Amino acid sequence: MKKEYKIFYWELDAKGKFIRSLWSGFLALLFLYWAVWFVPAHPAFDNEFFKLWVPIVFTLLYFASLVYKYRKWKKES
């Protein structure tokens, strides 16, 4: 069986979108946490909002997106 590789996100089925979101979102969150905590920031951004709340909000949005895509995948299959 030959497997087709699709480059663009909109060409994927629900399972492919879930899997791609799983690994690419994880990498994006790792970069966000690295940028917030380990990169010296501009003094205007060195406060509790950017160091705590922005990563939490993006993490919650990431997990909500994964739950939505997982349910959509299971509904289609």
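FYI, it's all coordinate maths here, none of it is from the lab. Treat the numbers as computed from the prediction; the structure is a model and nothing was measured. As a convention, Cβ positions derive from the backbone with ideal geometry for all residues, glycine included, and neighbour counts pool all protein chains shown.
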The residue from Leu66, Leu30, Leu60 that alone is out of contact with any strand residue (DSSP E or B) (no Cβ under 9 Å at 6 or more places or on another chain), surrounded by 13 or more Cβ atoms within 10 Å (Cβ to Cβ), of a type in the set (A, V, I, L, M) and part of a helix (DSSP H, G or I) is Leu66
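Yes/no matrix, rows are residues, columns are (1) touching a residue at least 12 places away in the same chain (Cβ under 8 Å); (2) of a type outside the set (Val, Ile, Thr):
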| position | (1), (2) |
| --- | --- |
| Trp10 | no, yes |
| Trp23 | no, yes |
| Leu27 | no, yes |
| Leu30 | no, yes |
| Val36 | yes, no |
| Leu52 | no, yes |
| Pro55 | yes, yes |
| Ser77 | yes, yes |
Out of everything in the range 1-23 that is of a type in the set (A, V, I, L, M, F, W, C) and part of a helix (DSSP H, G or I), what residue ends up being farthest from Tyr62 (Cα to Cα)? Trp10
